[in-house]
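Please treat every number below as a calculation from the coordinates, not as lab data. Computed from a prediction, not measured in an experiment: that's the story for all the values here. FYI the Cβ positions are ideal-geometry reconstructions off the backbone, even for glycines, and counts take in every protein chain you see.
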Amino acid sequence: MANNELRQRVERRLREIGLGAVEAAQRVPGLERNYIRDLLDERKRGFTQAKLPLVAEALEWTVQEVLGSAAPKKERAAPKMQTVPLLDTVAAGKLRAPSSQIPVEDVPLLAFADLGRGDFFALTVEGDSMDRISPDGSTIVVNQADRTLVSGKPYVISQRGEASFKLWRADPPRFAPYSTNPSHEPVFVKTKEDAERMVVGRVKRTVLDL
């Protein structure tokens, strides 16, 4: 089974680990001391498949590396970056009207990695009704392409032009605070359909600079 390419690969590996053929073989129980040396001798028969794991161990390689068939290691792809406009502040408390009147073309852009597919914008949180996940001053990234209500997930909602940030709870249907402050109250709705009409988008990420 041995061939010139295999012999050259093994010789290079021995030089890399700084061992002679006999010295490398002697480190592995069950491998004859002259086995690798004979493998490198073109006049010899070569090695058997049964000895492959032992040869690999002696060379500090895998069996695939001995055979030259190791799959190349994939480099980790760089995270995909997306720029997201920081549009406004949002109340994590009582519903209130948006405060920012900055033209869209003049808003600051924030960069985020691996958001996935969607139509995103960012908001700065004001208030503490969601401080268990997004304290006052944190930034939330909202996917306005995702308005499907999932119980326990956070959403930005709008009611009569006023915006807020809450968790959706299905039973009874409501947008609830998630806070260390017990004074905050949920926004109850009659049906899930009524709630869906209030949803601006699902909150994908929350970020707080320290």
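Net charge around GLY201, counting only other residues with Cβ within less than 14 Å of its Cβ (Lys, Arg = +1; Asp, Glu = -1)? So the environment of GLY201 carries a net charge of +4. For a straight C-alpha distance cut-off of 15 angstrom, the aspartates and glutamates reachable from LYS204 (same-chain residues fewer than eight places away being disregarded) are ASP114, ASP119, ASP146.
For the range 81-207, a/c is not less than 1.5, where a ≥ b ≥ c are the root eigenvalues of the C-alpha gyration tensor, and a/b tops b/c. That puts it in the prolate class.
Across the range 4-67, C-alpha contacts under 8 Å between residues 6 or more apart give a mean separation that, scaled by the residue count, equals a relative contact order of 32 percent.
With neighbour counts taken as other beta-carbon atoms within 10 Å, the residues LYS153, LYS80, LYS51, LYS166 rank, fewest first, as LYS80, LYS153, LYS51, LYS166. Spin-label model, GLU32 to ARG197: label points 7 Å out along the Cα-to-beta-carbon direction sit 8.7 nm apart. Gain on full extension, evaluated as 0.36 nm per residue between LYS80 and VAL22 minus their Cα-Cα distance, stands at 15.9 nm.
Cβ-Cβ distance of ARG117 and THR148, R₀ of 22 Å, FRET efficiency by 1/(1 + (r/R0)^6): the value works out to about 0.95. All C-alpha to C-alpha distances of the range 140-210, sorted into 10 Å bins beginning at zero, yield P(r) values of 21, 54, 23, 2 percent in whole numbers.
This ranking places THR124, THR191, THR62 by how few other beta-carbon atoms lie within 10 Å of each, fewest first, which gives THR191, THR62, THR124. A simple spin-label model places the labels of ALA50 and PHE188 8.0 nm from each other, with each point 7 Å out along Cα-to-Cβ. Qualifying trypsin sites (Lys or Arg not before Pro) in the range 181-210, where qualification requires a DSSP coil assignment and no more than 16 other C-beta atoms within 10 Å, comprise LYS190.
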